[in-house]
């Protein structure tokens, strides 16, 4: 797994083969359909949630209404942020009490924090793949430390 450093807002990375170049490469990929998620490093279209079996096991523990509310909330968080960038672990906040994400911890992950966190990351991945825009994704660092979750970038049309 490759980890890169995110530039501070307004700064430009010195290495021209970093984020900007890979994002341009991802934008030029042959798959030009809407609703695509692309790996920043390879430029390849991503068509499946990672660790799908684990995702499906936890998803089956949720009602359809709970799952749809979670997907809707992730979309809302992305839309209301007004950002072209979304980092999975930064979207929900640290306290899920009273939010659509509470059933992840209580029902799906059965009070297992690590499993809940992984499922949330998979949920964001799933949701981004289903959105109408083109997105790219990768893992990054801020201030020399791994972010710990994937970052998604909305690509220009």
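Read-outs: derived from the displayed coordinates by stated rules, not from any lab. Since the structure is predicted, the reported quantities are computational estimates derived from the model, not experimental observations. Counting neighbours? That spans all protein chains shown, and the Cβs are built from the backbone with ideal geometry, glycine included.
Worth pointing out:
- The DSSP beta bridges internal to the stretch 16-154 are antiparallel in roughly 80% of cases.
- In a fully extended conformation the segment linking residue 147 and residue 133 would gain 2.7 nm over its present Cα-Cα distance, using 0.36 nm per residue.
- Tail fraction, Cα-Cα pairs, the stretch 16-154, threshold 17 Å, whole percent: 60 percent
- Computed E for residue 48/residue 95 - FRET, C-beta separation, R0 25 angstrom, nearest 0.05: 0.25
- Extension gain from residue 41 to residue 84, taking 0.36 nm per residue of separation minus the Cα-Cα distance: 13.6 nm
- Each residue in 107, 130 was given a count of other beta-carbon atoms within 10 angstrom of its own, and listing them fewest first yields 130, 107.
- Ranked for footprinting exposure by Cβ neighbours inside 10 Å, fewest first, 129, 70 give 129, 70.
- Cα gyration tensor, the stretch 47-91 - rounded (a/c under 1.5), prolate or oblate: oblate
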